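A.B. asks: For reference, the structure I am asking about is given below.
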Amino acid sequence: MVQEYEVIIVGAGPAGLSAGIFVARQKVSCLIISKDLGGQLNLIPNLENYPGTLMSSVPLLAKTLESQYLTFGGEMIYDTIEKIDETESGLRVKTNRSEYIAKAIVLAPGKVPNNLGVQNESTFANKGVHYCTKCDAPFYQGRITAAVGVGGYLLESGILLSRMASKVYLIYKGGALGGDKDMIASIEKKENVELVPQSSIKYLSGNNNLQSVTILDNSGKEKTIQVDGLFVEMGSKINLDFVKHLVKINSKGEIEIAEGGKTAHPAIFAAGDATSIPYKQIVAACGDGATAGLSAFNYIEKLKGRPGIRADWKKTIGDSVFHY
């Protein structure tokens, strides 16, 4: 039997969990479907810039958001979505193991950073190897770092690291840096940045944490450099194949959204890193998730002929509930 929910949320990262909290609080049936708990939160060793939380355990933040969501009566399963289609009774969500029907959907699948593909890369994830320079560069004040990547991703990483690290090795396969000319000129003037062109990373070494990287240049020559941290900036991938026929996808592969997390489909809303928002930060994802969740709830309310709400604050007086 196909289970029916008023709202189904795709993804259990900060955007999806926040959307779930704001939907479930309104006492409508809500299901979160996700491959994991936390999404890219699992790639962050420490958290410094989440308001009200200093050096929090990032897995604890994900678990706390999940607990809040479940406390309000929301449901969650771990599964992979294969396709979302329109039907007469709503939106059909087909997963690897089951099928569901929803009146509204919030998309918050996040994005997955491209990795190097080096054999022992996962060994040093969050132990010296990072995939978000903006997130983790502050932990390398006065230390030796390296960045490997492509185009503008690598340039941004190098500029940010140069402001904090004592030394930055910029590793890239081409003979010259690619991207914005002004950014390239800025990089080339940095005294603490060493360019390592026509090279790739062959091996990572260390004990409990990363200690060195072995670089292979185009001539076949190897060189090992001592580093405290390596930042991989190879871009990211967003899997939207299951819904790309229902929403608008921009040239970056992101979901185009308007105010309130609205997409090109009236019953589908979106939030977080998989959308066209400019700032890919946890706090932004949480805020946008809450907004998309409320928008989905309002869509459900309008289907019932009700006005919806503008805020999540409410007060019950007698038999009436007032939102303000």
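A.B. asks: Keeping all protein chains in place and using 1.4 angstrom, which order do R306, R143, R25 fall into by accessible surface area, from largest down?
C.D. replies: In descending accessible area the options line up as R306, R143, R25.
A.B. asks: Separate question: If the rule is a partner Cβ under 4.7 Å, which cysteines in the chain fail it?
C.D. replies: If one checks each Cβ against the other cysteines of the chain, C30, C286 turn up with nothing under 4.7 Å.
A.B. asks: For the range 228-324, rounded, prolate or oblate, judged on the Cα gyration tensor with a ≥ b ≥ c (square roots of eigenvalues), a/c < 1.5 rounded, else prolate if a/b > b/c?
C.D. replies: oblate
A.B. asks: How many Å² of accessible area per residue for the range 206-324, probe 1.4 Å? Can you show the working numbers first?
C.D. replies: On the way: 6620 Å² over 119 residues.
Using a 1.4 Å probe on heavy atoms only, each residue of the range 206-324 averages 56 Å².
A.B. asks: Using Cα pairs closer than 8 Å and at least 6 residues apart in sequence, work out the relative contact order for the chain, in percent. Mind showing how you got there, number by number?
C.D. replies: Working: 723 pairs, mean separation 64.4, N = 324.
Here the relative contact order equals 20 percent.
A.B. asks: While we're here: If you place +1 on the Cβ of every Lys and Arg, -1 on the Cβ of every Asp and Glu, and leave all else neutral, what size is the dipole of the range 123-235 about its Cα centre, to the nearest 20 Debye?
C.D. replies: So the magnitude is around 160 debye.
A.B. asks: Follow-up question, since we're still on this one. How many angstrom lie between the Cα centre of the range 81-110 and the Cα centre of the range 167-205?
C.D. replies: 44 Å
A.B. asks: Test of the criteria: in the range 95-137, which trypsin sites (Lys or Arg not before Pro) are in a DSSP loop and have at most 13 other Cβ atoms within 10 angstrom of their Cβ?
C.D. replies: Listed in order of number, the matching sites are R97.
A.B. asks: Let me ask another. How much mean residue ellipticity at 222 nm does the chain get from its helices, if each DSSP H run of length 4 or more adds -39500 (n - 2.57) and you divide by all residues, to the nearest 500 deg cm²/dmol?
C.D. replies: Value at 222 nm, helices only: -7000 deg cm²/dmol.
A.B. asks: Work from the charge dipole of the chain (Cβ charges, +1 for Lys and Arg, -1 for Asp and Glu, about the Cα centre) and give the residue of I84, V129, S186 farthest towards its positive end.
C.D. replies: S186
A.B. asks: For the chain, give the magnitude of the charge dipole about the Cα centre (Cβ charges: +1 Lys/Arg, -1 Asp/Glu; no others), in debye to the nearest 20.
C.D. replies: 220 debye
A.B. asks: Another question about this same structure. Per the Kirkwood formula on distinct C-alpha pairs, the Rh of the chain is how many angstrom? Before the final figure, lay out the partial values.
C.D. replies: Working: mean 1/r = 0.0468 Å⁻¹.
About 21.4 Å for the chain.
A.B. asks: Pull out a ≥ b ≥ c, the square roots of the eigenvalues of the alpha-carbon gyration tensor of the range 29-84, then state rounded if a/c is under 1.5, prolate if not and a/b is larger than b/c, and oblate in the remaining case. Write down the numbers at each step before the final one.
C.D. replies: Working: a/c = 3.14, a/b = 1.62, b/c = 1.94.
Verdict is oblate for the range 29-84.
The values are calculated or read from the model by the stated rules, or taken from the named source; none is laboratory data. Not measured: the values here are computed from a predicted model. As a convention, Cβ positions derive from the backbone with ideal geometry for all residues, glycine included, and neighbour counts pool all protein chains shown. The accessibility values were calculated without ligands, DNA or RNA, using every heavy atom of the protein model including side chains. Shrake-Rupley method; radii C 1.70, N 1.55, O 1.52, S 1.80 Å.
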